[in-house]
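Undergrad: Provided herewith is a single structure, encoded as structure tokens, for subsequent inquiry.
The values are calculated or read from the model by the stated rules, or taken from the named source; none is laboratory data. Being a predicted model, the structure only gives us computed values, none of them experimental. Quick reminder, even Gly has a Cβ in these numbers, built from the backbone with ideal geometry, and neighbours come from all protein chains shown. Heads up: the accessible areas ignore ligands, DNA and RNA and are worked out on the full protein's heavy atoms, side chains in. Shrake-Rupley method; radii C 1.70, N 1.55, O 1.52, S 1.80 Å.
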Amino acid sequence: MLKGLLIKNIRCLVQTEDVPKQKVSGKEMSELKTIKDAWLFIKDGLIEDFGKMSAVRSGEIQFNSADTEIIDATGRFVFPSFCDSHTHIVYAGSREMEYSDKIRGLSYTEIARRGGGILNSAKKLHETTEDELFAQSISRVNEIIGFGTGAVEIKSGYGLNLEDELKMLRVIRRIKNSFPLEVKATFLGAHSLPQEYKGKRERYVDLIINEMIPVIASEDLAEFIDVFCDEGFFTIEDTERILMAGMKFGLTPKLHANELGFSGGIQVGVKYNALSVDHLECTGDEEIKSLSGTETMPTLLPGSAFFLGLPDPPVRKMINAGLPVALASDYNPGSSPSGNMKLIMSLGCIKLKMLPEEVINAVTINSAYAMGLSESHGSIARGKVANVFITKEIPSYEFMPYAFGSNLIDTVILKGRICPPTPLKGG
């Protein structure tokens with residue numbers, strides 16, 4: 001049994017819920033419940049209780065000091081840990097040379113056609129052993145934990161053949177077993193078309209359906225299945241075939257959609273009840289209408305749009321139409337080489353014109369929903385997993401996205417433990 005942990009004298013406890021919600025939508029996204037001068041009690045890895053310090057000072061609430069570790073958070077804020085629902089952090093090497101190509105004016109699509117992009121990462125991953133891949137991934141996982149992330153979805157998709165996709169997914173499982181943060185795995189074999197299948201896309205789709213999905217499902221290596229349904233990648237017909245095959249094996253659909261064009265990806269995601277459709281730079285009235293009233297979470301990746309110079313998705317129109325919105329980092333070596341969710345909040349405010357309250361909801365409760373975790377993560381609620389972080393001394397919660405270049409996180413607590421920057425156990 002874990003020792004109790006009391007955080008007292010919290011200047012402001014952010015994103016509290018007495019009656020937890022699955023997600024927040026529309027105007028509700030601008031609402032944020034907080035408690036000033038608060039305490040938070042954690043026991044056995046879960047949030048036990050919270051409230052105002054006045055009840056502690058009056059003796060109404062008491063704690064057994066012999067069984068309780070105490071943190072004095074005077075002047076500091078406590079937030080639920082970020083939930084990053086879209087990453088590709090298991091990869092080999094880096095792609096900074098493509099960064100130079102982008103500066104010279106080449107587009108993402110042009111770089112991909114020259115064998116760069118995803119295919120470049122696939123080549124490097126093929127040449128990297130599973131142990132080396134895990135070792136490289138450890139530093140990135142430690143990095144995002146230090147940035148305040150407590151739950152992360154990690155996609156495969158740099159393998160593009162059965163052996164290398166399995167390699168990636170096994171590394172993701174090792175991360176899940178080695179670190180205290182919550183990890184969800186997504187099979188993304190349909191990330192790009194391998195060079196050897198150029199002009200033979202249907203044969204590669206057959207390979208995904210007939211060989212990859214059954215083996216991955218038999219080893220229980222993924223919870224979700226994803227497809228890059230966009231211009232120059234996979235068609236609506238390809239996407240439907242792959243999603244249906246994955247669903248037969250119990251994999252929940254998610255989707256890369258409408259990053260590069262009006263691909264129809266959003267509509268096909270809704271058709272198959274995808275948990276989330278992600279990117280969405282190319283979103284119009286028809287796409288917004290298709291998302292209205294559904295259980296599919298629109299997930300925006302402002303780091304990727306910023307890095308690639310893509311148009312920003314129409315977030316204000318989405319929220320005004322009553323949609324929920326989640327934000328994620330898209331941490332990957334080619335189009336968003338950062339897992340800093342605090343920076344993603346800032347981009348949400350600066351680029352997407354979201355309010356601070358909206359971005360906080362978008363990186364906590366809504367992004368938890370986009371991973372199927374909103375019942376256990378994404379807010380300060382009794383019975384939820386005790387994944388929280390304590391800030392440095394700051395004046396307000398608005399200061400978090402405002403101070404976009406500052407590291408404001410002081411202490412990370414995952415599953416009730418003050419988190420060291422190393423795996424809890426071997427992989």
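Undergrad: Could we say that GLU163 is surrounded by fewer than 23 Cβ atoms within 10 Å (Cβ to Cβ), under 18 Å from PHE307 (Cβ atoms) and free of Cβ contacts under 8 Å to residues at least 12 places away in the same chain here?
TA: no
Undergrad: Kindly list the number of the only condition in (1) out of contact with any Gly (no Cβ under 8 Å at 6 or more places or on another chain); (2) at pLDDT below 95; (3) surrounded by 24 or more Cβ atoms within 10 Å (Cβ to Cβ) that fails for GLY334.
TA: (1)
Undergrad: Condition first: in a loop (DSSP other than H, G, I, E, B), without any contact (Cβ under 8 Å) to a residue 40 or more places away in the chain and aliphatic (A, V, I, L, M). Now tell me which residues in region 228-277 satisfy that.
TA: ALA274
Undergrad: Could you please find all residues in region 5-22 being surrounded by fewer than 21 Cβ atoms within 10 Å (Cβ to Cβ), in contact with a Phe, Trp or Tyr (Cβ under 8 Å, 6 or more places away or on another chain) and outside any strand (DSSP E or B)?
TA: Correct list: GLN22 only.
Undergrad: A follow-up question, please. List the pairs whose first member sits in region 62-73 and is over 15 Å from GLY51 (Cα atoms), whose second member is at pLDDT below 90 and open to solvent by 90 Å² or more (accessible area, probe 1.4 Å), and whose Cβ atoms are under 6 Å apart, counting only residues at least 6 apart or on separate chains?
TA: GLU69/LYS3
Undergrad: Moving on. Can you list residue pairs whose Cβ atoms sit under 6 Å apart, with the first residue in region 26-41 being outside any strand (DSSP E or B) and the second being surrounded by 14 or more Cβ atoms within 10 Å (Cβ to Cβ) and of a type outside the set (A, V, I, L, M)? Count only pairs 6 or more apart in sequence or on different chains.
TA: Partner pairs satisfying both residue conditions: GLY26/GLY322; MET29/GLU358; MET29/ASN361; SER30/GLU357; SER30/GLU358; LEU32/GLU357; LYS33/THR16.
Undergrad: Moving to a separate point now. Going through GLU48, GLU69 one at a time, which residue ends up being modelled with pLDDT of 95 or more, open to solvent by 20 Å² or more (accessible area, probe 1.4 Å) and either over 29 Å from LEU355 (Cβ atoms) or not in a helix (DSSP H, G or I) (or both)?
TA: After applying the criteria, what remains is GLU48.
Undergrad: Now for a separate question. Evaluate the following for TYR158: is it out of contact with any Ser or Thr (no Cβ under 7 Å at 6 or more places or on another chain) and either part of a strand (DSSP E or B) or open to solvent by less than 40 Å² (accessible area, probe 1.4 Å) (or both)?
TA: No, not satisfied.
Undergrad: Considering only residues that are within 14 Å of ASN332 (Cβ to Cβ) and of a type in the set (D, E, K, R), which ones fall in region 115-136?
TA: The answer is LYS124, and nothing else.
Undergrad: If you don't mind, another one. Within region 113-134, can you find the residues that are modelled with pLDDT of 95 or more, under 21 Å from the mean Cα position of the chain (by Cα) and over 15 Å from ALA185 (Cα atoms)?
TA: LEU133
Undergrad: Just to check your reading of the model, which residue among ILE360, ILE390, ILE319, ILE380 is closer than 19 Å to LYS27 by Cα, in contact with a strand residue (DSSP E or B) (Cβ under 8 Å, 6 or more places away or on another chain) and among the β-branched types (Val, Ile, Thr)?
TA: Going through ILE360, ILE390, ILE319, ILE380 in turn, just one is closer than 19 Å to LYS27 by Cα, in contact with a strand residue (DSSP E or B) (Cβ under 8 Å, 6 or more places away or on another chain) and among the β-branched types (Val, Ile, Thr): ILE360.
Undergrad: Filter region 304-329 down to the residues that are out of contact with any Asp or Glu (no Cβ under 8 Å at 6 or more places or on another chain) and part of a loop (DSSP other than H, G, I, E, B), then identify the one that is surrounded by the fewest Cβ atoms within 10 Å (Cβ to Cβ).
TA: Checked region 304-329; the qualifying residue surrounded by the fewest Cβ atoms within 10 Å (Cβ to Cβ) is GLY309.
Undergrad: Hey, another quick one. Restricted to region 161-200, and to residues that are in a strand (DSSP E or B) and more than 18 Å from the chain's Cα centre (by Cα), which residue is nearest to LEU221 (Cα to Cα)?
TA: Once the filter is applied, the top-ranked residue is GLY189.
Undergrad: Going by the structure shown, is TYR197 surrounded by fewer than 23 Cβ atoms within 10 Å (Cβ to Cβ), touching a helix residue (DSSP H, G or I) at 6+ places or on another chain (Cβ under 9 Å) and under 20 Å from PRO253 (Cβ atoms)?
TA: No; evaluated as a whole, the condition is false for this residue.
Undergrad: How about region 208-255: which of its residues are under 23 Å from the mean Cα position of the chain (by Cα), within 29 Å of ASN177 (Cβ to Cβ) and among the hydroxyl-bearing types (Ser, Thr, Tyr)?
TA: Within region 208-255, just THR252 meets the criteria.
Undergrad: Something else: State whether one or more residues within region 351-368 are in a loop (DSSP other than H, G, I, E, B), open to solvent by 10 Å² or more (accessible area, probe 1.4 Å) and within 16 Å of SER81 (Cα to Cα).
TA: Within region 351-368, none of the residues are in a loop (DSSP other than H, G, I, E, B), open to solvent by 10 Å² or more (accessible area, probe 1.4 Å) and within 16 Å of SER81 (Cα to Cα).
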